[in-house]
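Asker: Once you've had a glance at the structure underneath, I'll fire off some questions.
The values are calculated or read from the model by the stated rules, or taken from the named source; none is laboratory data. Predicted model, so just to flag it, every value in this text is computed and none were measured. Note: ideal-geometry Cβ built from the backbone for every residue, glycine included; neighbour counts use all protein chains shown.
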Amino acid sequence: MNSPERGEVWLVDLGLTAKVRPALVLSVPIEDTDRALVTLVPHTTSLRGSRFEVPLPIRFLRPGGFDTQSLVTVPTVKLIRRLGRLNDQQRVAVEARVRAWLGLPGPSEGRV
């Protein structure tokens, strides 16, 4: 399998409780010396109105959004198939909510 790329949405086996569901790849592509892991933002069709959800109309997904409070890192073997890719504007919107959830500075606030 090719290394999943940031911004791609994959169908992922997140285990018995979390089910098989779409998830956005948040991590950078892995290299040969890296662990075969990928960090994801799961997609949900059960939005609660949380400030950490990102509702987005995505043509290849059922109505819903990405839940940035449910970040998960899994082995790449849990990725089933690539469903599509978010455009840059959509990806940036999800990344902004991830930064808010983790209390990280935004791009204009500088880096540590």
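Asker: Regarding Pro22, is this residue within 15 Å of the chain's Cα centre (by Cα) and either surrounded by 12 or more Cβ atoms within 10 Å (Cβ to Cβ) or at pLDDT 95 or above (or both)?
Answerer: Spelling it out, Pro22 is indeed within 15 Å of the chain's Cα centre (by Cα) and either surrounded by 12 or more Cβ atoms within 10 Å (Cβ to Cβ) or at pLDDT 95 or above (or both).
Asker: Here's something else I'd like to know. Kindly provide the set of residues from the range 25-78 that are charged (D, E, K, R), over 18 Å from Arg99 (Cα atoms) and surrounded by 15 or more Cβ atoms within 10 Å (Cβ to Cβ), ordered by number. Even if it seems obvious, please write down each step before you answer.
Answerer: To start, the set of residues in the range 25-78 that are charged (D, E, K, R) comprises 31-32, 34-35, 48, 51, 53, 59, 62, 67, 78.
Then keep just the ones that are over 18 Å from Arg99 (Cα atoms); that gives 31-32, 34-35, 48, 59, 62, 78.
Selection gives Lys78 alone.
Asker: When you scan the range 11-31, do you find a residue that is β-branched (Val, Ile, Thr), more than 14 Å from Asp67 (Cβ to Cβ), in contact with a Ser or Thr (Cβ under 7 Å, 6 or more places away or on another chain) and free of Cβ contacts under 8 Å to residues at least 60 places away in the same chain, even just one?
Answerer: Yes; the residues of the range 11-31 include at least one that is β-branched (Val, Ile, Thr), more than 14 Å from Asp67 (Cβ to Cβ), in contact with a Ser or Thr (Cβ under 7 Å, 6 or more places away or on another chain) and free of Cβ contacts under 8 Å to residues at least 60 places away in the same chain.
Asker: Looking at the range 1-19, which of its residues are of a type in the set (A, V, I, L, M, F, W, C) and more than 13 Å from the chain's Cα centre (by Cα)?
Answerer: Hits for the range 1-19 are Met1, Leu16, Ala18.
Asker: Also, quick follow-up: Are there any pairs, at least 6 apart or on different chains, whose C-beta atoms fall under 8 Å, with the first in the range 44-71 and touching a residue at least 24 places away in the same chain (Cβ under 8 Å) and the second part of a loop (DSSP other than H, G, I, E, B) and among the polar types (S, T, N, Q), and if so, which?
Answerer: Sorted first by the residue in the range 44-71, then by its partner, the pairs are Asp67/Ser50; Gln69/Ser50.
Asker: Picking from Val94, Val38, Val77, which residue would you name as being assigned to a helix (DSSP H, G or I), touching a residue at least 24 places away in the same chain (Cβ under 8 Å), under 19 Å from Pro4 (Cβ atoms) and in contact with a helix residue (DSSP H, G or I) (Cβ under 9 Å, 6 or more places away or on another chain)? If you could, list the steps in order and put the result at the bottom.
Answerer: On the way: Val38 fails: assigned to a helix (DSSP H, G or I); Val77 fails: in contact with a helix residue (DSSP H, G or I) (Cβ under 9 Å, 6 or more places away or on another chain).
None of the other options fit; the residue is Val94.
Asker: Something else: Taking into account only those residues within the range 97-112 that are in contact with a helix residue (DSSP H, G or I) (Cβ under 8 Å, 6 or more places away or on another chain) and in a helix (DSSP H, G or I), which is surrounded by the fewest Cβ atoms within 10 Å (Cβ to Cβ)?
Answerer: Looking at residues that are in contact with a helix residue (DSSP H, G or I) (Cβ under 8 Å, 6 or more places away or on another chain) and in a helix (DSSP H, G or I), I get Ala100.
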